[in-house]
Amino acid sequence: MKKFSTLFDASVFASSKCSYWKFSTSDDYYDKISLSEIAKVHDQESIADEDSYYVVADSGAIGFCEDEDTDIDWLFLVRDNLDESLPLTYVAKTVNKFCSNCGRAVKSDARFCTDCGSKLG
């Protein structure tokens, strides 16, 4: 599953996974073109806050999260797999990062080692 800050970016990525979606709460169907068009309009008309994000499942389904601690609201389901079992929450993959100078484990977003002070690349 991959995370995006806009619905348009999520729709572009989802289009590489599948071609047709059904909106979860209606009988509206979208192809790649109509989904990207509605995503552009949505992003222009409703600016999401900094904690919210969109996710795209491996199948191409698109969901929305208010913040890190809320469940995924699946918006666009893959048309050919409407009964797909989708995750309820988004769990970011953790990447282990180490200081090249001293070998200490550091946070993935750290710019300097907290142990030796070396700049991290």
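The values are calculated or read from the model by the stated rules, or taken from the named source; none is laboratory data. Since the model is a prediction, treat every value here as computed from it, not as a measurement. Here the Cβ positions follow ideal geometry from the backbone for every residue, glycine too, while neighbour counts run over all protein chains shown.
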*When you scan the stretch 2-19, how many residues do you find that are within 17 Å of GLU66 (Cβ to Cβ), surrounded by fewer than 17 Cβ atoms within 10 Å (Cβ to Cβ) and of a type in the set (A, V, I, L, M, F, W, C)?*
0
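Output the residues belonging to the stretch 69-116 that are basic (Lys, Arg) and either part of a loop (DSSP other than H, G, I, E, B) or surrounded by fewer than 11 Cβ atoms within 10 Å (Cβ to Cβ) (or both). Don't jump to the end; show me each part of the working.
First, the residues of the stretch 69-116 that are basic (Lys, Arg): 79, 93, 97, 104, 107, 111.
Within the stretch 69-116, LYS93, ARG104, LYS107, ARG111 qualify.
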_From SER100, SER52, residue being within 13 Å of the chain's Cα centre (by Cα) and among the hydroxyl-bearing types (Ser, Thr, Tyr)_ = SER52
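Please go through the stretch 8-35 and give me each residue that is aliphatic (A, V, I, L, M) and touching a residue at least 60 places away in the same chain (Cβ under 8 Å), ordered by number.
Of the stretch 8-35, the ones aliphatic (A, V, I, L, M) are 10, 12, 14, 33, 35.
Scanning the stretch 8-35 gives a single hit, ALA14.
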*Matching entry among ASP28, ASP80, ASP43 (being modelled with pLDDT of 85 or more and touching a Leu at 6+ places or on another chain (Cβ under 6 Å))*: ASP43
